[in-house]
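What follows is one structure encoded as structure tokens, with my remarks underneath.
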Amino acid sequence: MSGGKPDGPSFVRRVTGKLGRSSGAQVDEDLWASIQLARHAERPYTLDYINRITSDFEELHGDRLFGDDPAMVAGFGRFHDRAVAFVGQQKGRDTNERTYRNFGMASPEGYRKSMRVMEIANRLGMPIVTLIDTPGAFPGASAEERGQGGAISRSMQLMWRLDVPVVAVVIGEGSSGGALGLGIADRVLMLENSTYSVISPEGASAILWRDASQAKRAAQAFKPTAANCYRWGVADAVIPEPPGGAHTDHEQAAEILGQYLQRTLLELEAQTPAERRVARRDRFRRLGPLRDPEGGVAMASGRDAPPPG
Amino acid sequence: MSRVGRNITVSIDRLRHLGHRQDRPGRIASDASTCPKCDSHYSGDEMRRNLRVCPACGHHFPVTAHERLEQLGEPGGYVELWSDLRAADPLQFTDIKPYVDRIREAESKTGMNEAIVCAEIEVRHVPCVAAIMDFTFMGGSMGAVVGEKLARACEHAAQKGIPLIILSSSGGARMQEGTLALMQMAKTVIALDALAEAQVPVIMILAHPTTGGVWASFASLGDVTYAEPGALIAFSGPRVIEETTREVLPADFGRAERQLANGQVDAVVDRRELAARIGRVLHILAPPDGEALLATPPGWAQGGAERVGRVAQSLPSIPGKIMGRIRPGSGDDEGPAE
Ligand SMILES: [Zn+2]
């Protein structure tokens, strides 16, 4: 993978330390605590980060096809003296806002708004940053009838085709295709206490254990922590959070995120569009271990080393 | 791409041998079926002959991937690709039972190594690559092997410059492979673009069910998309939607016919017409045949300007009384002009 990983405070080592214990059969309370932090009610959300790391941000609205989805925000901001497009799912803080933001579960309009902004960014040559924080795409009849599946797949297709640098950051909860719909990027970064999973622990509990109360066991089985995602090759770097978690200090959490973003963008801006696209394709092409015919496990993308601290 | 070439390891002879597995006693017993819609009863032989469609009511039964290939192509006329790829267990995953046990059970139940079969095949004399999912293998779920085989199928078809036919029948990403299963959505979407770059079409067949991460990735990106009657096509299934939103869904929610009305598929095609329909569209989309071009009547391509002039002169002029009636902004005060 890339050289020049951003350096950061040594919080990451603490997470890495947890990894060893997480493989046992017992429920790992540290792992569960970390997963709960990913969706802590006071955790900074997408706009909390954007408003802190940009000197100015113009939010755009509407997909020009059907409507505007408040569960997705998209717009242009000034970041280190250049224009950067930001898109991401937005959760709400209180009951009213949570309902308004639909708990960060985007509808097809949300993905189409974000695609509209990404297309403009690509045309104007500005890098794109996606901030991922969702329990999943909205599971509703209206969303299905307007093509939720196609909205997510086309968003992924568009992101892979982009000429400009693309960075995806999982800032909280990255669950299911709704998260991956913003996840095709040159670099995927994850906050220390964020998760990236095929399904939420509660959803898995209901499906696999047929018992909604088994979320802890599901989380234990999926182990979808940032440190594990780094090991699997799903994440390229783990961004440290302030001690105790990002919710304890929004300012510091945003400052660290901004530093990582700037260093990652500088690294990507030094490459040509063609170089970035080939690497972007190969990055995802490698993911997924297979059993080779001789019986061994060929883990194409895995890393043995813990994330650099 | 030498890797692709190396992985064509299965000969037609071996395939014929594999095909016999379907005639094992256990398979025949389970092959006899009663239609869930109209209660008609059929022997395994009748089911196969009818392409597993109920002749009485048209209900579409599930079909295994190998039988699908036989339905689409000529008898014995396909070469399976990459059949040796098998799933790893990256998470050492256990829910009610260990993932490795589930794989072993699926293998012995289906006689297959994974939930997808890829092959080179001719459909109505058009050489294609086919990637056929099989719901009987762990619900057709997409883990790393399904993602890898789909990506190889895309790359192989692009490299050979022949169309790709994908048939989806899947509940979505394979939970037991966790986050890495999710990533197969990205892998397959990106791999499909190899075909776009090679200017080769993708025909997508949506069979029951096509849901979750499969619908939200490659399955919604076909150039031409047919759905089988009654197939459930959705990102979130009806049960999840009803539990999350408390909505009461119509009985035909997400079904192929409704998704046609929603604009999500191009046509609902009866399985008994599917091979002919795919063959027809492949012939329409086929690149120009050099000989057919040469066979165009001589003189047609020459003297174009002269002929255009002649044709223009031979058009009747528009009568003055009609011209007089044409006013800006009005188009409906007269019936259709003949
Ligand atoms: Zn029937």
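The values are calculated or read from the model by the stated rules, or taken from the named source; none is laboratory data. Computed from a predicted model, the values in this text were never measured in an experiment. Heads up, the Cβs are rebuilt from the backbone with ideal geometry, glycines too, and the neighbour counts pull from every protein chain shown. Side chains are part of the model used for accessible areas, which takes the heavy atoms of the whole protein and leaves out ligands, DNA and RNA. Shrake-Rupley method; radii C 1.70, N 1.55, O 1.52, S 1.80 Å.
Brief remarks on what is shown
Condition check ((1) at negative phi; (2) modelled with pLDDT of 95 or more) across all residues:
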site	(1), (2)
A:Glu251	yes, yes
A:Ile256	yes, yes
A:Arg280	yes, yes
A:Gly288	no, no
A:Arg291	yes, no
A:Glu294	yes, no
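- Yes/no for A:Arg161 being within 21 Å of A:Ala227 (Cα to Cα) and open to solvent by 10 Å² or more (accessible area, probe 1.4 Å): no
- Across the stretch B:27-49, the qualifying residues are those that are surrounded by 12 or more Cβ atoms within 10 Å (Cβ to Cβ) and aliphatic (A, V, I, L, M), and the one among them that is nearest to B:Cys128 (Cα to Cα) is B:Met47.
- When B:Gln184 is tested against (1) modelled with pLDDT of 95 or more; (2) among the polar types (S, T, N, Q); (3) open to solvent by 10 Å² or more (accessible area, probe 1.4 Å), only condition (3) is not met.
Residue by residue, here is whether (1) aliphatic (A, V, I, L, M); (2) at pLDDT 65 or above; (3) in contact with a Cys (Cβ under 9 Å, 6 or more places away or on another chain) holds:
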residue	(1), (2), (3)
B:Gly230	no, yes, no
B:Arg255	no, yes, no
B:Ala275	yes, yes, no
B:Gly304	no, no, no
B:Arg307	no, no, no
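- Scanning the stretch B:141-157 for residues that are within 14 Å of the chain's Cα centre (by Cα) and in contact (Cβ under 8 Å) with a residue 60 or more places away in the chain gives B:Leu150, B:Ala153.
Results for (1) farther than 19 Å from A:Tyr45 by Cβ; (2) free of Cβ contacts under 8 Å to residues at least 12 places away in the same chain; (3) more than 10 Å from every other protein chain (Cβ to nearest Cβ), shown as yes or no for each residue.
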{"site": "A:Gly177", "(1), (2), (3)": "yes, no, no"}
{"site": "A:Leu191", "(1), (2), (3)": "no, no, yes"}
{"site": "A:Val198", "(1), (2), (3)": "yes, no, no"}
{"site": "A:Ala212", "(1), (2), (3)": "yes, yes, no"}
{"site": "A:Arg217", "(1), (2), (3)": "yes, no, no"}
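- The set of residues from the stretch B:50-66 being near the ligand (Cβ under 8 Å from one of its atoms) and crowded, with 20+ Cβ neighbours inside 10 Å comprises just one member, B:Cys54.
- Selection within the stretch B:207-226 - within 10 Å of chain A (Cβ to nearest Cβ), part of a loop (DSSP other than H, G, I, E, B) and within 12 Å of the chain's Cα centre (by Cα): B:Leu221
- For the criterion of being more than 14 Å from chain B (Cβ to nearest Cβ), within 30 Å of A:Gly244 (Cβ to Cβ) and surrounded by fewer than 24 Cβ atoms within 10 Å (Cβ to Cβ), A:Val167 passes.
- Checked against the criterion of being touching a Leu at 6+ places or on another chain (Cβ under 9 Å), of a type in the set (Val, Ile, Thr) and outside any loop (DSSP other than H, G, I, E, B), the stretch A:268-286 has no qualifying residue.
- Residue among B:Ala106, B:Ala119 that alone is crowded, with 20+ Cβ neighbours inside 10 Å, away from chain A (no Cβ under 11 Å) and in a helix (DSSP H, G or I): B:Ala106
- Looking only at the stretch A:126-155, and only at residues there that are among the hydrophobic types (A, V, I, L, M, F, W, C) and in a loop (DSSP other than H, G, I, E, B), the one that is farthest from the other protein chains (Cβ to nearest Cβ): A:Met126
- The stretch B:72-93, subset in contact (Cβ under 8 Å) with a residue 60 or more places away in the chain and charged (D, E, K, R), residue surrounded by the fewest Cβ atoms within 10 Å (Cβ to Cβ): B:Asp84
- The set of residues in the stretch B:143-169 being within 12 Å of another protein chain (Cβ to nearest Cβ) and open to solvent by less than 10 Å² (accessible area, probe 1.4 Å) consists of B:Gly143, B:Ala144, B:Val145, B:Val146, B:Gly147, B:Lys149, B:Leu150, B:Ala151, B:Cys154, B:Ser168.
- The residue list A:Leu182, A:Leu158 contains one member that is more than 9 Å from chain B (Cβ to nearest Cβ), closer than 19 Å to B:Ala191 by Cα and assigned to a helix (DSSP H, G or I), which is A:Leu158.
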